[in-house]
Amino acid sequence: MADLGFLLVALFLPVFPLSIVFNALFAKVKPPMLRAGLLLGWPFVGVVLFRALEPAVPQWLVPMALFTAVFYAFRLLAMREVGIWSGFLATSVWACFWLPLLYGDQDVLLYVFWFGIPLAVLALLVGGLEKRYGAAYTDLYGGLAQTIPRYSGVFVVTVLAVIATPVFPTFLGMLNIVVASQPVVAMTLVGLWVLWSWSGMRLIQGMIVGDPSDEVIDDLPMVLTWGFGVLMLLLVVAGFALTGDL
Amino acid sequence: MNSLIVLVPALPIVSAILTHFLAATLGRRVARLSVGLTLLTFLVASTLLTLAIMGEPKQAVSLGQGWGIILFDPLSSLMAVVISGISFIVHLYSVRYMAEESGYARFFVMLDFMTAALLLMVAAGDLITLLIAWHMVGVMLYFLLGHDTQSQSAYRYGLWTFITYRIGDIPLVLAAAVLFHTYGTWSLPVIFEQLAANPDAQTFFGLAVAEVVGALVAMAAFARSAQFLLHTWLPYTMEGPTPVSALMHAGIVYSGGFLINRFAPLYIHTGDVLHWVFIVGLVTAVIGSVLMLAQNDVKKSLGYSTMGQMGFMIMECGVGAFSLAIFHLIAHGLFKGTMFLSAGGVIGEARHDDGVPKDDLYTFVVEREAPKVQQPLLMMVGITLVIPVLVLVLSHWWVAPDLYQRQGAIILLFFGWVTGAQLLFSTYHMKATNPWRLLGLVLVSFVVVVVGYTLISHAFDQFLYNDPEMASQLYRAAGIDIVWFDALVVLTTIIVVLGWVRAYRVEKLGSHIDQKPSHWWMNFYSLISREFYVIDFYSGLNRRLVAASAKLNVWFRWG
């Protein structure tokens, strides 16, 4: 019987079926800022609780965490609602954080922010899209690259960051976890990484490709574009600076 | 010197950033900036290559702690010149070719980033830099292929490429993990030193590090170089802009050959890995060539032609001829790049005038009309048999006294012989007013091909692996039992000669032979016309996986 402390941590670093709680909450919460806060804060609480409570971790945790990560990554493939997509990806990523915690990696909080910041930006972008179109679905309107090019540029860069593409620190974080793992776990993780990439590119494709809309839609204001751009640049620089010798 | 080494991958990044930010001010003139900086990159790379040829020792510039190492060695300097040279031509070509496309500046930005990723890949001196550059090439290629953001099909096939590349990234990431786990460093030169000191080092499950990493690196190379079963992206990625096709077929697809060369110090300690590399290359070369012949779509035919050449290049690595693989990738890259870049001009001219002179070559190639005056076939066959023996003896005398003992060298000559003989048989069909002149040309061409293979292999060996012991260790690692080797050479010779006899019979007897294809032949034809059902299998798998994912989402809703 797992102790209460472990269950509490497993709620914030979601392991299936406890992951349903976060995803149910995330689906209910609509304001983009609140969603962004959840994406940044939820795993942070998990890591802090893990360090504070030092719960006894059952042996089945690693396989279960990997199952959770793969399960949600696989579901991303057909997920068309971009908001829920970001929630599923977050669940998949956070389940992986159990591994560095168990390895005694001191950089887990960095990983939380490295993944959390682009996920939060994605949540804000989804909010912007819902404001413009009423909903944020792939393959619904398409052609955003032609209709709102600045928004599309930021969207593409953000998705690349959340699926752990170089040169973002998410890539270095993921690489760190893979290198520290035993062969079977490492192979599962790299397979998971491919699923993220696959679904990420499907998402990009479903949003930006296609004929432009006849309707005039306001693009992302220049100031916000610069703001997101500088944030991503800082993320990259911080990733390189803080990674050190890995 | 250190600044020059760093400047090569840094200049295209600077170019990309400047092009992006100055596009609004300079308009389409911004392309000149991109072209100019690419030319500068090429000049710096050429300077470094000159220094390498003059004997400047290997160097490594470290930009960070433990990783971020940029290498200066013969392989990186040679590849940097090739990449920056091809990139410069592609840039120059794109200035006018892309003039009417939307996203003009974006195209040059992406092209610059792609050039930077490729240059960083060939100069990477540590595993993390290599992984970053290796991965970035796939990402950049995806966006270059999808430059036209209105084209769904360009993105669909771009995604195929991206996914194949990502699948190919898996073994490289695992190889990096095994190496770091074993040696505790990311630095490639340090890893190779430690491996040389202890070649029998073991990793997980008691497996030899060299064998495991060698196999993983080879698998990464297979995906990048479109080896059989990981090839489907190559013939279908023709939707992208022509300059991107040129860059892809002239440079990007050769990353596999480069990667195997980069890990050459590891492969000398492997046992069976290179044999598997040879088999995969052989299968790819044969299947790629067969599928190329079966296509009625010229673009797909070109794609399969590149696949066949990639198989050939990987096969060269498999026989230990690492440096020859580098020559092959450069030569074929230039050839394919030229073909793609001149395609538009040829089509444009053909719209006005087919421009084909009705000479003997035309009547033979297009109208399939046999020429009236031909050399006796027996003489040609004689040449194909005598010249290789002559070359073998001369090479033994001039180049390497132990040539007969080198299986790799014999295989190279074998390749040279087959290629030269193909050339000879093609020339045989041509009519000439002076048959002796034609015969002379045939002889010269044949000798150039066969001697070229031998001498170029020797020259590249000298430059890239100037330690003769290392070159011979590579051949030894690729070697097999001499009885098996001889048997395979004889068997392959018989198959090749039978193929020539069959081709000769079909052509000579024409309508006199039985025209009705056999049942077996028709089954084989249907198999190759469906491209061995590999595409159908992957498409079906993709559909099923996405459907299964959708079903899960229905069952679990948002949970």
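Of the residues making up segment B:209-245, those that are among the hydroxyl-bearing types (S, T, Y) and outside any helix (DSSP H, G or I) are B:S225, B:T232, B:T237. Output the residues belonging to segment B:518-556 that are basic (K, R) and surrounded by 12 or more Cβ atoms within 10 Å (Cβ to Cβ). B:R530, B:K551 - these are the residues of segment B:518-556 that are basic (K, R) and surrounded by 12 or more Cβ atoms within 10 Å (Cβ to Cβ).
Taking each residue of segment B:438-456 that is of a type outside the set (A, V, I, L, M) and looking for partners that are at pLDDT below 70 with beta-carbon atoms closer than 6 Å, six or more apart or interchain, yields B:S445/B:L423; B:F446/B:I387; B:F446/B:G420; B:F446/B:L424; B:Y453/B:L412; B:Y453/B:G416; B:T454/B:S395.
Evaluate segment B:43-65: report whether one residue or more is more than 14 Å from chain A (Cβ to nearest Cβ), assigned to a strand (DSSP E or B), buried (at least 17 other Cβ atoms within 10 Å of the Cβ) and not polar (S, T, N, Q). Yes, segment B:43-65 contains a residue that is more than 14 Å from chain A (Cβ to nearest Cβ), assigned to a strand (DSSP E or B), buried (at least 17 other Cβ atoms within 10 Å of the Cβ) and not polar (S, T, N, Q). Given the condition buried (at least 24 other Cβ atoms within 10 Å of the Cβ), touching a Phe, Trp or Tyr at 6+ places or on another chain (Cβ under 8 Å), part of a helix (DSSP H, G or I) and touching a residue at least 40 places away in the same chain (Cβ under 8 Å), answer yes or no: does some residue in segment B:91-104 qualify? Checked against the condition, which is being buried (at least 24 other Cβ atoms within 10 Å of the Cβ), touching a Phe, Trp or Tyr at 6+ places or on another chain (Cβ under 8 Å), part of a helix (DSSP H, G or I) and touching a residue at least 40 places away in the same chain (Cβ under 8 Å), segment B:91-104 yields at least one hit. No other residue among A:Y141, A:Y111 is more than 30 Å from A:A180 (Cα to Cα) and either of a type in the set (S, T, Y) or in a strand (DSSP E or B) (or both) apart from A:Y141. Checking B:W500, B:W520, B:W484 one by one, the residue that is modelled with pLDDT under 80 and either farther than 30 Å from B:K58 by Cα or among the aliphatic types (A, V, I, L, M) (or both) is B:W500 and no other.
The set of residues in segment A:217-246 being polar (S, T, N, Q) and more than 16 Å from A:W114 (Cβ to Cβ) consists of A:T225 alone. Based on what the data block shows, is B:I70 β-branched (V, I, T), crowded, with 21+ Cβ neighbours inside 10 Å and not in a helix (DSSP H, G or I)? Answer is yes for this residue.
Of the numbered criteria (1) touching a residue at least 12 places away in the same chain (Cβ under 8 Å); (2) within 20 Å of B:Q65 (Cβ to Cβ); (3) not aromatic (F, W, Y), the one A:P166 fails is (1). For segment A:9-41, the set of residues classified as part of a helix (DSSP H, G or I), modelled with pLDDT under 95 and among the basic types (K, R) consists of A:K28 only. Across segment A:216-246, the qualifying residues are those that are among the β-branched types (V, I, T) and part of a helix (DSSP H, G or I), and the one among them that is farthest from the other protein chains (Cβ to nearest Cβ) is A:V223. Whenever a residue of segment B:332-351 is farther than 12 Å from B:Y97 by Cβ, its partners that are assigned to a helix (DSSP H, G or I) and of a type outside the set (F, W, Y), lying with C-beta atoms within less than 6 angstrom and at least six residues away or across chains, give the pairs B:H332/B:Q309; B:G333/B:A250; B:K336/B:H249; B:K336/B:A250; B:G337/B:I86; B:G337/B:A246; B:G337/B:A250. Among the residues of segment B:157-177, those identified as over 19 Å from the mean Cα position of the chain (by Cα) and facing another protein chain (nearest Cβ under 8 Å) are B:L159, B:I163, B:I170, B:V173, B:L174, B:A176, B:A177. None of B:S187, B:S225 is hydroxyl-bearing (S, T, Y), outside the structural domain of B:L474 (by TED's automatic domain parsing) and either closer than 20 Å to B:V319 by Cβ or in contact with a His (Cβ under 8 Å, 6 or more places away or on another chain) (or both) except B:S225. Scanning segment A:77-114 for residues that are farther than 15 Å from A:L39 by Cα and within 14 Å of chain B (Cβ to nearest Cβ) yields A:L77, A:A78, A:M79, A:R80, A:E81, A:L99, A:Y103.
This table checks each residue for (1) modelled with pLDDT of 90 or more; (2) out of contact with any helix residue (DSSP H, G or I) (no Cβ under 9 Å at 6 or more places or on another chain); (3) more than 23 Å from B:M136 (Cβ to Cβ); (4) within 14 Å of chain B (Cβ to nearest Cβ).
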position	(1), (2), (3), (4)
A:V121	yes, no, no, no
A:L140	no, no, yes, no
A:G143	no, no, yes, yes
A:S152	yes, no, no, yes
A:T165	yes, no, no, yes
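Could you grab me the full set of residues in segment B:281-305 that are crowded, with 23+ Cβ neighbours inside 10 Å and at pLDDT 90 or above? Across segment B:281-305, the qualifying residues are B:G281, B:T284, B:G288, B:L291, B:Y304. If I ask for residues that are small (G, A, S) and either touching a Gly at 6+ places or on another chain (Cβ under 8 Å) or more than 9 Å from every other protein chain (Cβ to nearest Cβ) (or both), which ones from segment A:189-215 would you list? Those that are small (G, A, S) and either touching a Gly at 6+ places or on another chain (Cβ under 8 Å) or more than 9 Å from every other protein chain (Cβ to nearest Cβ) (or both): A:G200, A:G206, A:G210, A:S213.
Checking the condition polar (S, T, N, Q) and assigned to a helix (DSSP H, G or I), which residue from A:S199, A:S213 passes?
Working: A:S213 fails: assigned to a helix (DSSP H, G or I).
So the residue among A:S199, A:S213 that is polar (S, T, N, Q) and assigned to a helix (DSSP H, G or I) is A:S199.
Output the residues belonging to segment B:59-78 that are more than 29 Å from A:V237 (Cβ to Cβ) and touching a residue at least 24 places away in the same chain (Cβ under 8 Å). Listed by number, the residues that qualify are B:P74, B:L75, B:S77, B:L78.
A:V45 meets all of the listed conditions (1) more than 15 Å from the chain's Cα centre (by Cα); (2) more than 12 Å from chain B (Cβ to nearest Cβ); (3) closer than 30 Å to A:G128 by Cβ; (4) in contact (Cβ under 8 Å) with a residue 60 or more places away in the chain but one, namely (4). In segment A:114-138, what residues are assigned to a loop (DSSP other than H, G, I, E, B) and not hydroxyl-bearing (S, T, Y)? Those that are assigned to a loop (DSSP other than H, G, I, E, B) and not hydroxyl-bearing (S, T, Y): A:G134, A:A135, A:A136. You will find that of A:F6, A:F67, A:F44, the residue that is modelled with pLDDT under 95 and aromatic (F, W, Y) is A:F6 and no other.
Among the residues making up segment A:64-76, a single one is more than 17 Å from A:L18 (Cβ to Cβ) and more than 9 Å from chain B (Cβ to nearest Cβ): A:A73. Whether any residue in segment B:413-425 is of a type outside the set (D, E), modelled with pLDDT of 70 or more, within 24 Å of the chain's Cα centre (by Cα) and not in a helix (DSSP H, G or I) is what I want to check. No: zero hits.
Search segment A:175-188 for residues being within 9 Å of chain B (Cβ to nearest Cβ), assigned to a helix (DSSP H, G or I) and in contact (Cβ under 8 Å) with a residue 40 or more places away in the chain, and hand back the single one that is nearest to A:L101 (Cα to Cα). Only one residue fits best here, namely A:A180.
The values are calculated or read from the model by the stated rules, or taken from the named source; none is laboratory data. Quantities reported herein were computed from a predicted structural model and do not represent experimental measurements. Counting neighbours? That spans all protein chains shown, and the Cβs are built from the backbone with ideal geometry, glycine included.
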